[in-house]
1. Being without any contact (Cβ under 8 Å) to a residue 40 or more places away in the chain and outside any loop (DSSP other than H, G, I, E, B) is the filter here; which residues of the range 278-301 pass it?
2. If you take the residues in the range 248-288 that are out of contact with any helix residue (DSSP H, G or I) (no Cβ under 8 Å at 6 or more places or on another chain) and among the small types (Gly, Ala, Ser), which one is surrounded by the fewest Cβ atoms within 10 Å (Cβ to Cβ)?
3. Inside the range 363-376, can you point out the residues that are in contact with a strand residue (DSSP E or B) (Cβ under 8 Å, 6 or more places away or on another chain) and outside any strand (DSSP E or B)?
4. Could you tell me whether Ser111 is within 16 Å of the ligand (Cβ to nearest atom), under 16 Å from the mean Cα position of the chain (by Cα) and polar (S, T, N, Q)?
5. Please count how many residues of the range 204-227 are among the charged types (D, E, K, R) and without any contact (Cβ under 8 Å) to a residue 60 or more places away in the chain.
6. Quick check on Ala93: is it free of Cβ contacts under 8 Å to residues at least 24 places away in the same chain, surrounded by fewer than 20 Cβ atoms within 10 Å (Cβ to Cβ) and over 24 Å from Leu339 (Cα atoms)?
7. Would you check which residues across the range 65-75 are surrounded by fewer than 20 Cβ atoms within 10 Å (Cβ to Cβ) and either under 12 Å from Val9 (Cα atoms) or modelled with pLDDT under 95 (or both) and list them?
8. Enumerate the helices (runs of 4 or more DSSP H) found wholly within the range 17-69, keeping only those where 2 or more residues are more than 21 Å from Thr80 (Cα to Cα) and more than 12 Å from the ligand (Cβ to nearest atom).
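The values are calculated or read from the model by the stated rules, or taken from the named source; none is laboratory data. Keep in mind that what you see is a predicted model, and the values were worked out from it rather than measured. Glycine also receives a Cβ, built like all others from the backbone with ideal geometry; neighbour counts cover every protein chain displayed.
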Amino acid sequence: MTERHRVVVIGSGFGGLFATKALRRAPVDVTVLAKTTHHLFQPLLYQVATGILSEGEIAPATREVLRRQRNARVLLGEVTAVDLAARTVTSVAPTGSTTTPYDSLIVAAGSSQSYFGNDRFADFAPGMKSIDDALELRGRIFGAFEMAELATDPDEIDRWLTFVVVGAGATGVEMAGQISELARRTLPGDFRNIDPATARVILLDAAPAVLGNFGQKLSEKAAKQLRRIKVDVQLNAKVVDVDATGIDVEDADGQRRRIASMCKIWAAGVAASPLGAQLAGQCGAATDRVGRLHLEPDLSLPGHPEVFVVGDMTAEQPGVAQVAIQGGRYAAKQVRRRLADRGPQPPFAYRDKGSMATVSRFHAVVSVKNLQLAGFLAWLMWLALHLFYIVGFKSRVTTLLHWTISFVGRGRSERTTTLQQVYARQALQRLDDSRT
Ligand SMILES: Cc1cc2nc3c(=O)[nH]c(=O)nc-3n(C[C@H](O)[C@H](O)[C@H](O)COP(=O)(O)OP(=O)(O)OC[C@H]3O[C@@H](n4cnc5c(N)ncnc54)[C@H](O)[C@@H]3O)c2cc1C
């Protein structure tokens, strides 16, 4: 009996999951290799960090999502090496390493936070790329109010109640908006020594506009709404240093100043998965300055038509979910067509379905082709689209419930942070360190 065609998919994010699902009826065996056990809906990470949603609602177990897909199996492991010549992928898990052979490979390992060469900032201003990041930030944000309640020195209270979000793209805007609403709508009344509503939320960016990629009109509307909900928007302000107690900023006139703040959040800059550089080294593909790969028009690696790269690791398209979804489906279709001895598809062409970002409850900005919308209607569109893409019926129901609690009411259902999370993270880190 001849062996079935083996497809290995690296990553269980948007690209990996949608590629796998698109192979559901194909005569192949799919192995999904990912370093987390869940599929993550990154656009809502900020709601986990600010206590609106639970981690389970935006990160269902990948094997549960793929339970009914009999030709797919899910393996936990961080891919450390791809051997293009031998057609194998090596991954490591806490118990050891695994080598998985492939006939076709779809690489969708995404991107990580970039500190523009200042990795030491990460300890003081965590980014937001994973559930671990969001839970850590949740601990830091709610913890800052707790520390302020304990403090007696007014300067110390100010430091704890000053939140700085670096990066005024969609993630930074959403994060700053939610911290401000948390401080002014949810927390008042919970404390005795401090007034949470006096918290300062500063949104910083070296660029001259918030949401620059949405165009001038929507950018200005978003900035206006941010100011309305008391977010202090500081533009043309470049971060030059970050430490435990504050952040140093250089303004457009070259003047440096310091913002005293204990809770900083990094929402600026991405770098493609290092697997991109590894693949480029083996096949001679070019990479851009953040390590994304330049590919053949059908998303395959130069000289390796059996290897596709999709999503945030690709240089030609923007780093958004739709690029990964469409790329994943395209690569899967290419595999299916080859197996059926059908000719190739036309080159991959990303269909831009538009962008959206929430600024506050009931206020979002949406840019779809010629339609530019800001306000409540845009927020309803945001709500409908995000509900549609959240994976699983039960997540949709509980998400809607939590949104009602937070946006119609004032509550936040997910304020819990536990020491166990901190200990587990440290234990895993030690395990990781002992391996290297
Ligand atoms: C906070 C935030 C908000 C965002 N908001 C929006 C938005 O509103 N709209 C929008 O369109 N886009 C948004 N994006 C971007 C969007 O989420 C990404 O473009 C999309 O997730 C990219 O999909 P991907 O499959 O390439 O990578 P990811 O979804 O990041 O998936 C990467 C997968 O690879 C796995 N992985 C990584 N390295 C390895 C390895 N070495 N071995 C094994 N597995 C590995 C990861 O565990 C993960 O499963 C946002 C991103 C972030 C971080």
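1. Across the range 278-301, the qualifying residues are Ala280, Gly281, Thr287, Leu293, Ser300.
2. First, pick out the residues of the range 248-288 that are out of contact with any helix residue (DSSP H, G or I) (no Cβ under 8 Å at 6 or more places or on another chain): 248-259, 269, 271, 274, 277-284, 288.
Next, only the ones that are among the small types (Gly, Ala, Ser) stay: 252, 254, 269, 271, 277, 280-281, 284.
On the way: Ala252: 11, Gly254: 6, Gly269: 18, Ala271: 18, Ala277: 14, Ala280: 19, Gly281: 11, Gly284: 10.
Among them, the one singled out is Gly254.
3. Correct list: Phe376 only.
4. Numbers: within 16 Å of the ligand (Cβ to nearest atom): yes; under 16 Å from the mean Cα position of the chain (by Cα): yes; polar (S, T, N, Q): yes.
Yes: the conditions hold for Ser111.
5. Initial filter on the range 204-227 (among the charged types (D, E, K, R)): 205, 217, 220-221, 224, 227.
With without any contact (Cβ under 8 Å) to a residue 60 or more places away in the chain added as a condition, the list becomes 220, 224, 227.
The number of residues fulfilling the criteria is 3.
6. On the way: free of Cβ contacts under 8 Å to residues at least 24 places away in the same chain: yes; surrounded by fewer than 20 Cβ atoms within 10 Å (Cβ to Cβ): yes; over 24 Å from Leu339 (Cα atoms): yes.
Spelling it out, Ala93 is indeed free of Cβ contacts under 8 Å to residues at least 24 places away in the same chain, surrounded by fewer than 20 Cβ atoms within 10 Å (Cβ to Cβ) and over 24 Å from Leu339 (Cα atoms).
7. If the condition is that a residue be surrounded by fewer than 20 Cβ atoms within 10 Å (Cβ to Cβ) and either under 12 Å from Val9 (Cα atoms) or modelled with pLDDT under 95 (or both), then Arg73, Leu75 are the ones that fit.
8. Working: elements: 45-49, 55-58, 62-65.
Counting at least 2 such residues, we get 55-58, 62-65.
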